[in-house]
Structure formats: C-alpha cells, structure tokens
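> Once you've had a glance at the structure underneath, I'll fire off some questions.
The values are calculated or read from the model by the stated rules, or taken from the named source; none is laboratory data. Keep in mind that what you see is a predicted model, and the values were worked out from it rather than measured. In this analysis, Cβ positions are derived from the backbone assuming ideal geometry, glycine residues included, and neighbour counts consider all displayed protein chains. Accessible surface is based on the protein model in full, side chains and every heavy atom, while ligands, DNA and RNA are left aside. Shrake-Rupley method; radii C 1.70, N 1.55, O 1.52, S 1.80 Å.
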Amino acid sequence: MNDIEFEIDGKKVTASKGMTVLETAQKEGIYIPTLCHHEKLEPFGACRVCIVEVESRGATKLVVSCVYPAEKNIIVRTRSPKVDRIRKTIIELLMAHAPDAPQLLEMAAVYGAVPNRYEKDPSFCIHCGLCVRYCAEVAKKHALGFVDRGVHKEISFIPEIAAKECHACKECFPLCPTSYLQAVFVLTEALSFPDSAVKK
Amino acid sequence: MRDIIFTIGGGIPNGKKFKAVQTGGPSGGCIPEDKLDLPVGFDELTRAGSMMGSGGMIAMDEDTCMVDVARYFISFLTDESCGKCVPCREGLRQMHRILTNITKGQGKQGDIELLEELAETAVEASLCALGKSAPNPFLSTLKYFREEYEAHITEKRCPALSCKELISFYIDPEKCKACGTCRKACPASAINGDKKIIHIIDQDKCTKCGTCFEVCPTKFGAVTKLSGVPVPAPIPEDQRTIKKKSKENE
Ligand code: SF4
Ligand code: SF4
Ligand code: SF4
Ligand code: SF4
Ligand code: FES
C-alpha cells in the first residue's frame with residue numbers, strides 16, 4: 001500500500017498518494033476553514049484562510065493546506081496563535097468587502113474577527129475565483145474571467161459567451177460566497193444582452 | 001555603502017543631511033545613517049531589514065518623510081500585486097489606506113499595530129515572494145524611524161516638514177525684507193504685502209505649493225515651514241512697515 005501516514009492535531013491519519021493535507025483532514029472530520037476550495041476544482045490557494053502549521057524534520061513552517069500535499073511523518077497543527085491571528089486578519093480584510101457573507105460571519109465567530117476593522121470597500125467580490133474556475137473547469141464554457149490585477153482585480157462576464165450559455169446553466173451562482181456574482185450577471189445581462197433577459 | 005553614496009555618488013547635494021538609503025527596489029527597505037558602514041551584500045542588507053533586490057539605491061536627505069516613503073512604495077506595490085491572494089491584495093490595499101491617512105494627519109492610535117498585523121499576515125501567508133516582501137518598506141521605516149510615525153499620529157506633526165496636510169508656510173516677520181519675490185511668485189495669490197510692508201501668507205488661500213519657500217532669497221530665509229504647532233497670528237497692521245533701514249539712514 002502506498003498509504004501516507006502523518007499526524008494532524010495529534011491524530012494519526014492516512015492519506016493516499018496525491019491527496020492534500022486539507023483533503024485528508026476533511027476525510028478525518030478535522031475542521032480547517034476554506035473559502036476558495038471546492039472539491040470539484042483544482043486547488044487555487046488564493047484565500048489563504050486554510051493555512052496550517054507543518055512540522056517536518058524539526059522545522060516548522062506555514063503552508064496552505066488545500067495545496068500542500070500529504071507527506072509521510074509530518075506533523076500538522078490546524079491551529080496555533082499565529083495561524084489564528086492570520087485567519088482573523090484575512091477574515092477581517094474580506095469583511096471589508098462582504099460584511100454579511102454567511103461563511104465569513106461563521107468564521108468570524110470562531111476566530112474572533114472584528115467586522116469594520118478595516119475601511120469598507122464597495123465591492124462584494126472576495127476573489128475566491130470559484131465562479132471563474134467552475135465555469136472553466138467544470139462547465140467548460142469560459143464565460144467569465146478575472147480582469148486587471150492587484151487591487152484593481154475584478155471578475156467579469158464575457159457577454160458574447162454568457163448570453164449564450166448562462167441562462168441554461170447558472171451552476172456557478174450558488175458557489176459564490178457573496179451575492180456579487182449574481183449582481184454582476186444581472187448587470188451584464190441588462191447592459192449587454194437585454195433581449196435574452198426579457199425572453200426568459 | 002557609505003563609499004557608494006558619498007564617494008561614488010557625490011553625497012547629498014545642497015548641504016543637506018543624509019537620512020536613509022532605500023535599497024532593492026520597491027519592496028526593499030530603508031537603512032538609516034548608523035547602518036551606512038554595512039558592506040553591500042545579500043546577507044548584510046537582508047539582516048538590516050532591506051534586500052539586494054534590483055541592486056538599486058535611493059539616497060534620501062533630511063527633507064524626506066519616512067512615512068510618506070513607505071506610503072509611496074506600498075502604493076506602487078498595490079498595482080504590482082497580481083491580486084490573486086488575500087494577504088497581498090487586501091493587505092496592501094488597507095496598508096496603503098492607513099499610511100495615506102497617517103500622512104494626511106488622520107492617523108489614529110492603534111494604526112501602527114494594525115499595520116504590523118497586516119504586515120505579518122502578508123509576510124507569512126502570501127502566495128508568492130511579492131506579497132511576502134511587500135511590507136518591507138513599512139517594516140524597515142517603522143524599525144528605524146518609529147518616532148516619525150508617532151509624531152504624525154499623536155502630534156499631527158511631520159518631522160521632515162514634508163507631508164502637505166501637516167505643514168504650514170509662514171513668513172517670519174523678523175526676517176522678511178519685503179522684497180516681494182514670494183508675493184509675485186505665489187500661484188495662489190495668497191501672499192499679502194507691499195514695498196516695505198512685511199509679507200503675510202493668508203493660510204486659507206495657501207495651497208502649500210512651496211514656491212515661496214523656494215524663492216525667498218537665501219540671505220533672508222524668511223519663509224519657514226511649520227508642523228505640529230499653530231501658525232502664529234499675523235503681526236498687527238501698524239507694525240508691518242519696515243522702518244529699520246530708514247532709521248539707519250537717519
Ligand atoms: S452560469 Fe455561466 S458563468 Fe456560470 S458556470 Fe454556467 S456558463 Fe459559466
Ligand atoms: S463573484 Fe463570488 S464566486 Fe466569483 S470570485 Fe467573486 S466572490 Fe468568488
Ligand atoms: S502575493 Fe503574489 S500571488 Fe498573492 S496577490 Fe501578491 S503577487 Fe499575487
Ligand atoms: S506655499 Fe505656495 S500657495 Fe502657499 S503662500 Fe507659498 S507660494 Fe503661495
Ligand atoms: S482554501 Fe486554501 S487558500 Fe483558499
């Protein structure tokens with residue numbers, strides 16, 4: 001057997017080749033918060049909230065568990081003062097965009113995140129990329145993508161494709177942790193292909 | 001490093017005092033005077049809180065505000081970030097906001113701690129090296145020039161007399177010789193005066209462009225910058241006429 005044995009929070013766990021630390025933890029019922037992870041999608045590693053401490057041959061480092069592969073004999077700690085502090089900051093930063101997102105509120109309670117710690121931003125997208133990746137990887141339509149970079153990065157529908165595909169699909173809508181995706185869709189629809197909106 | 005700046009580079013012009021050198025490009029850090037004898041090496045610079053990076057160096061004199069320097073580089077990095085991960089994209093966005101507020105005199109108690117938290121998160125949790133090194137401009141200036149941060153936040157004072165929102169231009173009535181140079185040069189017509197009448201800046205009209213400060217002849221040096229203190233009330237009208245010369249002539 002090529003089972004990989006290691007430890008998460010003091011518990012002996014086993015993973016098979018190719019599994020990530022997060023997948024192993026989920027299989028074992030150990031909670032690690034996530035925002036940009038989805039079981040059907042390739043790991044993305046963007047929200048960084050799934051960060052954990054890994055001890056390997058005496059050295060401790062921080063890694064994001066949704067990307068980090070299970071490795072023999074490592075010791076994983078899903079919480080530590082530093083991990084908690086980083087998660088708290090990440091949640092607070094995202095609450096500046098999506099103060100009412102249920103997932104964020106839940107995590108905020110666990111990590112003591114304070115809403116309104118940072119100045120609000122009038123955009124609700126938290127750039128988890130679930131919509132973009134779902135459409136590309138699962139629906140295979142490439143009807144939306146990220147545009148621009150840095151603090152100007154936003155998601156955007158590609159009207160020519162969205163007009164044809166989205167009404168029949170709408171599969172990515174429920175994945176969005178905020179209401180942003182639908183809002184952008186409605187806006188794109190109204191601006192770019194109002195006819196199909198009327199027809200539906 | 002001292003050799004590069006003072007021998008090869010010719011030192012600081014206009015008799016100004018050296019303050020810090022920024023090395024390594026935008027995500028490098030600032031190194032103060034007392035670390036100038038460091039050899040320019042990868043380890044030495046990293047240990048001092050900066051880096052070799054691009055190998056570039058920016059020497060700064062006493063007129064440079066270190067909070068503003070941090071704000072400038074972080075602002076640059078908000079555009080350079082690819083925007084994928086939260087610690088870098090959102091962390092830099094908020095760091096830039098807080099630093100901007102501080103340079104505008106809107107800093108609050110707790111801002112330094114908040115910046116430190118954001119810096120830790122970006123350093124520890126960013127996806128790539130850009131995010132991990134992006135807080136350097138803040139961390140290094142805080143390390144060596146913490147008092148400048150505190151002056152901005154608690155006293156609303158910019159020690160380098162650089163942050164526009166925190167300084168005022170003021171003509172010292174003792175020194176003004178009513179030459180009129182500043183009055184003619186002021187683009188905002190904010191300076192009142194006449195021949196032999198001591199010049200006064202109308203603080204409400206002044207746009208803090210700094211022209212008067214530049215043009216006032218060095219031998220008078222009457223225009224000064226103030227920060228953290230109220231601008232003295234203009235001298236009473238009846239004392240504004242310059243009489244000294246006539247007295248001497250008598
Ligand atoms: S609704 Fe549109 S954007 Fe979403 S997955 Fe389907 S085709 Fe892609
Ligand atoms: S619109 Fe929603 S699903 Fe898409 S990246 Fe933004 S927050 Fe994520
Ligand atoms: S740290 Fe790297 S990956 Fe993350 S947003 Fe910044 S530039 Fe992009
Ligand atoms: S700083 Fe500029 S606007 Fe203000 S008084 Fe001087 S020259 Fe005029
Ligand atoms: S869930 Fe791992 S980085 Fe988002």
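> Working with all protein chains in place, sort B:E124, B:E147, B:E90 by solvent-accessible area computed with a 1.4 Å probe, largest first. Spell out each step's value before the answer.
On the way: B:E124 55, B:E147 110, B:E90 0 Å².
Putting B:E124, B:E147, B:E90 in descending order of accessible area: B:E147, B:E124, B:E90.
> What is the range B:167-242 by shape, rounded, prolate or oblate, if you read a ≥ b ≥ c off the alpha carbon gyration tensor as root eigenvalues and call it rounded for a/c under 1.5, prolate for a/b larger than b/c, and oblate otherwise? Before the final figure, lay out each step's value.
Values: a/c = 1.37, a/b = 1.15, b/c = 1.19.
It comes out rounded by the Cα gyration axes.
> Accessible area of A:S123, 1.4 Å probe, to the nearest 10 Å²?
20
> Also, I was wondering about something else. Would you list, by chain and number, the lysines whose Cα falls below 23 Å from the Cα of A:K164, excluding same-chain residues fewer than 8 positions away?
Here the lysines satisfying the reach criterion relative to A:K164 are A:K140, A:K141, A:K199, A:K200.
> Quick one: angle between helix B:66-80 and the longest Cα principal axis of chain B, in degrees between 0 and 90, rounded to 10, please.
Here the helix axis deviates by roughly 50 degrees.
> Just for chain A, what percent of DSSP beta bridges are antiparallel, to the closest 5?
On the way: 19 of 21 bridges.
Around 90 percent antiparallel, to the nearest 5.
> To continue, here is another question. Specify the angular offset, from 0 to 90 degrees and rounded to the nearest 10, of the alpha carbon long axis of helix A:81-95 from the longest principal axis of the alpha carbons in chain A.
10
> Using Cα springs under 10 Å in a Gaussian network model of chain B, which residue among B:D79, B:D204, B:D37 shows the largest mean-square fluctuation?
For chain B, modelled as a Gaussian network with Cα springs under 10 Å, the answer is B:D204.
> Given the protein chains as shown and a 1.4 Å probe, how many square angstrom of B:V229 are accessible, to the nearest 10?
80
> Label-point separation (nm) for B:E44 and A:S123, each offset 7 Å from Cα along Cα-to-Cβ?
My value for the distance between the label points is 4.3 nm.
> Against the longest principal axis of chain B, how steep is helix B:86-103, in degrees 0 to 90 to the nearest 10, with axes from Cα atoms?
The helix B:86-103 is inclined about 20 degrees to chain B.
> Let me ask something additional. Compare A:A96, A:A25, A:A168 in a GNM of chain A, Cα atoms joined below 10 Å, and give the one with the largest fluctuation.
Its mean-square fluctuation being the largest, the pick is A:A168.
> Here's another thing I want to ask about it. Cross-link partners among lysines for B:K17, C-alpha distance below 27 Å, same-chain residues fewer than 8 apart left out?
Cα-Cα hits under 27 Å: B:K35, B:K104, B:K143, B:K156, B:K164, B:K175, B:K208, B:K219, B:K225.
> So what does A:F157 come to for accessible area, using a 1.4 Å probe and Å² rounded to 10?
Probe radius 1.4 Å; accessible area of A:F157 about 10 Å².
> Here's another thing I want to ask about it. Given R₀ = 41 Å, what would the calculated FRET efficiency be for A:E55 paired with B:R146, taking r from the Cβ atoms and rounding to 0.05?
Working: r = 34 Å, r/R0 = 0.83.
That gives a FRET efficiency of 0.75.
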